[in-house]
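Heads up: the structure comes next, in structure tokens.
The values are calculated or read from the model by the stated rules, or taken from the named source; none is laboratory data. Remember, predicted model here, so these are calculated numbers, not experimental data. Because the Cβ atoms are built from the backbone with ideal geometry, glycine has one as well, and the counts that use them run over all protein chains shown. Quick note on the areas: whole protein, heavy atoms, side chains included, nothing else; ligands and nucleic acids left out. Shrake-Rupley method; radii C 1.70, N 1.55, O 1.52, S 1.80 Å.
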Amino acid sequence: MPKTKIELTEAEWTVIKAVWESEPCAAPAIQEKLFGKTRWTYSTVRTLMDRMVTKGLLAAEKIRNLTLYRSAVTREQAQRGELLYALKHAFNGALTPMVQCLIESGELSAAELAKLESLIKAKKSAKK
């Protein structure tokens, strides 16, 4: 089980997204999948994946001479870690300025705004 504080580097995000799409998978398959975008060699990908195992982000299973990797964190856990990192570092832990920044960016669609509004209303109702 990964530690509760999940922080991925940019390279780790690249790898784990590829793993989520095709797990279980071997390092050569991930290297091949990412090569066009990253130009990483097999040894680079294998080293990254082994370090991610050490960090608790991936799980590895050795079957004869093949190592299969699976994610040890869900997409939601990784996203939460990234969001909490941004909240802490970019907004000094203040949620309201971060949400205000998102809303004022103009990047949210009407449907996304409606969904956020619905989530807030549901949370308020649950606290009553």
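Numerical summary
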{"read-out": "Heavy-atom surface of the chain, accessible at 1.4 Å and reported per residue (Å²)", "value": "71 Å²"}
{"read-out": "Relative packing of 111-118, 8-15, which averages over residues the other C-beta atoms within 10 Å, highest first", "value": "8-15, 111-118"}
{"read-out": "Value of relative contact order over the chain, rounded to a whole percent, pairs C-alpha under 8 Å and six or more apart", "value": "24 percent"}
